[in-house]
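All remarks here apply to the structure that follows.
The values are calculated or read from the model by the stated rules, or taken from the named source; none is laboratory data. All values reported here derive from a predicted model rather than from experimental measurement. Using ideal geometry, Cβ is built from the backbone for each residue, glycine included, and neighbour counts are taken over all protein chains shown.
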Amino acid sequence: MTGTPVDVPSATERKRVLQEIQPGLLGLMDGSVSTLAPIFAAAGVTGKPFNAFLVGLAASLGAAISMGLAEALSDDGSITGRGGPVRRGMITGLSTGLGGMLHTLPFLIPDMTTALRLAYVVVVVELLVIAWIRYRFMGGKLIRTIIQVVIGGAIVFGIGVALGDVGAG
């Protein structure tokens, strides 16, 4: 592992990180980042917050099911020690859904400007929390982790906004 770990974890903590934290982090990252483009594109194309909410809900649920199944079917845990596949799949799926829904919820606000402003703030907070979790449990340098997570999220966010602008004409 590169970078400096925060602590040298015990065997119990390593197991928890491998079987719970890592699948949860995977889900949060995927849910937060993969749903950005569809939600913000829908907001730009339709100009209607509720339409963006529905797209975000669909993207979040679809991503949650997909990621949960992918994690559960990727490894039975017997060789890698990653734990039971159903439990890991549930953790990943729920985390993915949560990550996608957090910045979707502001689109329940009927005013698009307010919804967008709140969603922007939520996205920034989500990405910073993900970076902190990654730093806390996976080690490395905090600033490098923040930069990596924020840049990835910014790229996907930019794609969504650009496509929304194109669609809006």
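Per-structure values
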item	result
Residue, surrounded by the fewest Cβ atoms within 10 Å (Cβ to Cβ), within segment 101-124, restricted to residues that are at pLDDT 95 or above and closer than 18 Å to Gly152 by Cβ	Val122
Yes/no for Ser66 being farther than 22 Å from Glu126 by Cβ and surrounded by fewer than 23 Cβ atoms within 10 Å (Cβ to Cβ)	no
Verdict on Arg87 being over 22 Å from Leu163 (Cβ atoms) and among the basic types (Lys, Arg)	yes
Test: residue in segment 93-100 that is under 19 Å from Val150 (Cα atoms), touching a helix residue (DSSP H, G or I) at 6+ places or on another chain (Cβ under 9 Å) and surrounded by fewer than 18 Cβ atoms within 10 Å (Cβ to Cβ)	yes
Filter result for the condition that a residue is touching a Leu at 6+ places or on another chain (Cβ under 9 Å) and of a type outside the set (Asp, Glu), over Val122, Val55, Val86	Val122
